[in-house]
Amino acid sequence: AGHGTPDHRIALIPGDGIGTEVIPAARRVLDAVAVRHRLSLTYDTFDWSCARYLRDGAMMPEDGLETLRGYDAILLGAVGSPEVPDHVSLWGLLIPIRRGFQQYVNLRPVRVFEGVPSPVRGAEPGAVDFVVVRENVEGEYGEIGGRLNRGLPGELAVQEAVFTRTGVSRIVDYAFTLAGRRGGTLTSATKSNGIIHTMPFWDEIVAEHAAGHPQVAWHQEHIDALAAKFVLDPARFDVVVASNLFGDILSDLAAAVAGSIGIAPAANLNPERVFPSMFEPVHGSAPDIAGRGIANPLGAIWSAAMMLDHLGHAAAATRITDAIAAALATTPVRTPDLGGSATTDAFTDTVISLL
Ligand code: ATP
Ligand code: MG
């Protein structure tokens, strides 16, 4: 154990498919950094997954949230299986954790690394470095609604979006504070020209918070134009704040701009730290490449770095992201999704050697 450093208890949920390959890789990097920074990290591993669902009928035990509550952070691989409908893995694990632990911030950093070609022309390495801040617990993804007149000419479906002052205020406040800390600008995604109740409400709350952060330059942009600019000029963004649906779409688009979905990390944060936060690569279980040892562990390793940052170890976190950048810029070692032939373990070893 380190001298005077608190112990951090980490819950590992590798999940399914390549989740079970990238989480051990991330853990190896964490252990190597922990030695250098005298951090004391202890882990418990949970087999909660679609595999468990197929075996026992549930993604996680009934008291799963109570169990996780005792940890300082959760590191998740991916859950998903061709044999299990997506809504089972979502509603059986991810959404209960996000909502139960009030992880209302979904943070997705985007970087174009030197040595990783972006599919976007003009996305120069180093120039693209921004963060999508997605509202993670309310908005468009709710349960209110229904379908009528199934199969009839008059069939219809209704889905309500719910935006609360509390919910919008706290995500917008988080985004302004983050932009202030980065010394950057804030872009708010809206669509108040077409969505005439919830989006004007969102815009009003953004404007209210702007008054409290006079040092942060900000503007709002309609989601359609904003999506186009993510592709045409990604270097102009710094912090982008968006509702649950808009943020979901923007962050996947941004991951594609960065060159591979295997790179992208995510944090589901409970900023008040009443509950543990959860860190996970953006990618899924990737059944098409699972079991071959060739998954890109970068997204999981970067997610682990975000976890250390959240736990108060910014220097250790930067050490990891610097090693990732150095591995890509100065060595040819990379996994097949980035055009290389290295295994998960070989890329992980390279990152560790550059820490
Ligand atoms: P799930 O249902 O779990 O979301 P999916 O197949 O729908 O799985 P992903 O797992 O994200 O979605 O996979 C999308 C594509 O990207 C697949 O072809 C997969 O092989 C590839 N991919 C995803 N993550 C990685 C990674 N870490 N390394 C290499 N390739 C990856
Ligand atoms: Mg998927």
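Determine which member of the set T177, T187 is surrounded by 10 or more Cβ atoms within 10 Å (Cβ to Cβ), among the β-branched types (V, I, T) and part of a strand (DSSP E or B). Give the steps one after another, and end with the answer.
On the way: T177 fails: part of a strand (DSSP E or B).
None of the other options fit; the residue is T187.
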Of the criteria (1) crowded, with 21+ Cβ neighbours inside 10 Å; (2) within 16 Å of ligand 2 (Cβ to nearest atom), which one I10 fails: (2)
Any chance K229 is of a type in the set (K, R) and more than 30 Å from V116 (Cβ to Cβ): no
Failed item, numbered, when S81 is tested on (1) in contact (Cβ under 8 Å) with a residue 24 or more places away in the chain; (2) under 19 Å from the mean Cα position of the chain (by Cα): (2)
G284 in a helix (DSSP H, G or I), touching a residue at least 40 places away in the same chain (Cβ under 8 Å), out of contact with any Leu (no Cβ under 7 Å at 6 or more places or on another chain) and not acidic (D, E): no
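Yes/no matrix, rows are residues, columns are (1) part of a helix (DSSP H, G or I); (2) crowded, with 21+ Cβ neighbours inside 10 Å; (3) modelled with pLDDT under 95; (4) more than 14 Å from ligand 1 (Cβ to nearest atom):
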residue	(1), (2), (3), (4)
L30	yes, yes, no, yes
A51	yes, no, no, no
M60	no, yes, no, yes
T67	yes, no, no, yes
G77	no, yes, no, no
H87	yes, no, yes, no
L93	yes, yes, no, no
F113	no, yes, yes, yes
Residue list for the stretch 281-296, restricted to those being under 11 Å from I263 (Cα atoms) and either among the charged types (D, E, K, R) or near ligand 1 (Cβ under 7 Å from one of its atoms) (or both): P281, H283, A295, N296
Counted residues, the stretch 77-104 - those being more than 14 Å from ligand 2 (Cβ to nearest atom), within 18 Å of A304 (Cβ to Cβ) and touching a Pro at 6+ places or on another chain (Cβ under 8 Å): 0
Selection within the stretch 308-322 - touching a residue at least 40 places away in the same chain (Cβ under 8 Å) and either within 11 Å of V33 (Cβ to Cβ) or within 16 Å of ligand 2 (Cβ to nearest atom) (or both): L308, H313, A315, A316, R319, I320
Identity of the residue in the stretch 129-162, touching a Phe, Trp or Tyr at 6+ places or on another chain (Cβ under 6 Å) and part of a loop (DSSP other than H, G, I, E, B), that ends up nearest to F113 (Cα to Cα): N136
Subset of the stretch 99-111 that is buried (at least 19 other Cβ atoms within 10 Å of the Cβ) and basic (K, R) - its residue that is nearest to L298 (Cα to Cα): R111
Failed item in (1) buried (at least 21 other Cβ atoms within 10 Å of the Cβ); (2) at negative phi, with A256 passing the rest: (1)
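The values are calculated or read from the model by the stated rules, or taken from the named source; none is laboratory data. These numbers were taken from a predicted model, which means no experiment stands behind them. Virtual Cβ from ideal backbone geometry, glycine too; neighbours counted across all protein chains shown.
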